[in-house]
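What follows is a single structure, written as structure tokens, with notes after it.
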Protein chains: 2
Amino acid sequence: MRILLIGAAGTIGSAVHKELVSRHEVIAAGRHAGDVRVDITSDESIAAMYEAVGKVDAVISTPGATYFGALEDMTPEHNEISIRSKLAGQVNLVLLGHPYVNDRGSFTLTTGILMDDPVLGGASAAMASGGVKAFVQAAAIEMPRGIRINNVSPNVLEESKEKYEPFFPGFVPVPSPRVAQAYRKSVEGGQTGKTYTVY
Amino acid sequence: MRILLIGAAGTIGSAVHKELVSRHEVIAAGRHAGDVRVDITSDESIAAMYEAVGKVDAVISTPGATYFGALEDMTPEHNEISIRSKLAGQVNLVLLGHPYVNDRGSFTLTTGILMDDPVLGGASAAMASGGVKAFVQAAAIEMPRGIRINNVSPNVLEESKEKYEPFFPGFVPVPSPRVAQAYRKSVEGGQTGKTYTVY
């Protein structure tokens, strides 16, 4: 398969790349690195990426940015960070991208544990993930040409433990290669409209 | 209690008004009618509403606008309608409004059946509802001063049957007075972080 992997330089993206590259052609996309550059908060940048890459069998989008901070001090502008990147950015990858995906291809987006199991400071991130999850479930029933769509909801990663553990007390991190298997299930499997939780 | 009801002129808003007005002081807000005018897609308008109304015990937000249309033809601009109104509009009512809500007061937002039970054309609406639901669950654990937050997820309404039934085949509509009871449960009860589904 020909796979477009957005966010390939991140922790999850690297693990997904490693998992898939031996069996597939993986085109790495990212803001600051990769075969093609993309800023998913910009429709123009997304459109230019698809134009440059052409037809693919799968599009994988890893995390996207979210705002993390106390609800009491959160402003609409703070929340907009999550809306523009993790929520609208990922949805727009689908809205602008489906013409570039081959028949019976797939989209795999990324959500996260906070939508099910919230932590202090995580309301904006939870919102973005919950929106993506519901979009995926609804979009699945009307994707054209048998294109599938799923999302992966990972726990905190082993690799990011030092950085995030203080904010996720009692969360037991998962190794990124295990998370990568959920993306593989979405790309190489046959399911659609699913949320693969890796908690 | 002193209750600010946004969208008071709508089908759900009217039913909620009718249910609550005999026992509470209800301040009606809306885009084109009400004691105070508000456009929830504008932070300035939301701030001006709270400034005009002052302290309240409960804020209730009824539906908000969403985009309805085939996924294949949906553009980022179409999807933005749902993001700005039903999603960010309702979240911003909370972010900008909690200083105006009395201790142990409440917010009640509105989601909808499509986030759980999708229909053709409903992906954008599902996204907005899913985002609000996840925000509510996460925000509940860090609201200041014992303020509670819930959301009501209604089915298609009896009163809107003629208009919406072709798009919701096999959905059994619920009467709006029954939906209004879920808002009452949120405002007069003690629960927080909940989704009250009225399907």
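The values are calculated or read from the model by the stated rules, or taken from the named source; none is laboratory data. As the structure is a computational prediction, the values presented were derived from the model and not from experiment. Neighbour counts run over all protein chains shown; Cβ positions are idealised from the backbone, glycine included. Quick note on the areas: whole protein, heavy atoms, side chains included, nothing else; ligands and nucleic acids left out. Shrake-Rupley method; radii C 1.70, N 1.55, O 1.52, S 1.80 Å.
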Q: For chain A, set up a Gaussian network in which alpha carbons nearer than 10 Å are linked by springs, and say which option among A:SER61, A:SER106, A:SER14 fluctuates the most.
A: A:SER14
(Q) Defining a contact as two alpha carbons under 8 Å apart and six or more residues distant in sequence, what relative contact order in percent does region A:1-68 show? (A) 41 percent
Q. Along Cα→Cβ at 7 Å, what distances in nm separate the A:ALA70 label point from those on the other copies, shortest first?
A. 5.1
Q.
Under the convention of a label 7 Å out along Cα→Cβ, give the distances in nm from B:LYS161 to the same position in every other copy, shortest first.
A. 5.9
Q. What residue of chain A sits with its beta carbon nearest the rotation axis taking A to B, and at what distance in whole Å?
A. A:GLY131, 2
Q: For chain B, with a Gaussian network of springs between Cα atoms less than 10 Å apart, report the residue from B:ILE149, B:ILE60, B:ILE81 with the top mean-square fluctuation.
A: B:ILE81
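Across peptide A:138-147, what mean number of C-beta atoms from other chains lies inside 10 Å of a residue's C-beta?
So the per-residue partner count for this stretch is 5.
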(Q) Counting protein heavy atoms only and a 1.4 angstrom probe, how many square angstrom of accessible surface do chains A and B bury in total, to the nearest 100? (A) 3200 Å²
**Q.** Among A:GLY89, A:GLY64, A:GLY54: highest mean-square fluctuation, GNM of chain A, C-alpha pairs under 10 Å
**A.** A:GLY54
Q | Mean residue ellipticity (222 nm) of chain A, computed from DSSP H runs ≥ 4 via -39,500 (n - 2.57), nearest 500 | A | -10500 deg cm²/dmol
Q) With the calculation restricted to Cα positions, what are the radius of gyration and Dmax of region A:2-198 in angstrom? A) 15.7, 48
Q.
For the pair A:ALA48/A:ALA33, report the inter-label distance in nm, with labels modelled 7 Å from Cα in the Cβ direction.
A. 2.1 nm
Q.
Contact order normalised by length for chain B, with contacts defined as Cα pairs under 8 Å and 6 or more residues apart; what percent is it?
A. 21 percent
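In the neighborhood of A:ILE27, defined by Cβ-to-Cβ distances under 9 Å, what is the net charge if each Lys or Arg adds +1 and each Asp or Glu adds -1?
Details: positive: A:ARG2; negative: A:GLU25, A:ASP35.
Here the count lands on -1.
Which value, in Å², gives the accessible area per residue of chain B when a 1.4 Å probe is used on the protein heavy atoms?
About 39 Å² of surface per residue is accessible.
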Q) Hey, any idea what % of chain B's accessible area is carbon plus sulfur with a 1.4 Å probe? A) 52 percent
Q) About its Cα centre, how strong a charge dipole does the protein assembly as shown have in debye, to the nearest 20, once Lys and Arg get +1 and Asp and Glu get -1 at the Cβ? A) 760 debye
**Q.** Copy-to-copy label separations for A:GLY54, where each label sits 7 Å from Cα toward Cβ, in nm and ascending
**A.** 6.9
Q | FRET efficiency, 1/(1 + (r/R0)^6) with R0 22 Å, evaluated for A:ALA65 and A:ILE141 via beta carbons | A | 0.15
Q) In whole angstrom, how long is each semi-axis of the equivalent ellipsoid of the protein assembly as shown, when you take the square root of 5 times every eigenvalue of its Cα gyration tensor and sort them from largest down? A) 37, 23, 17
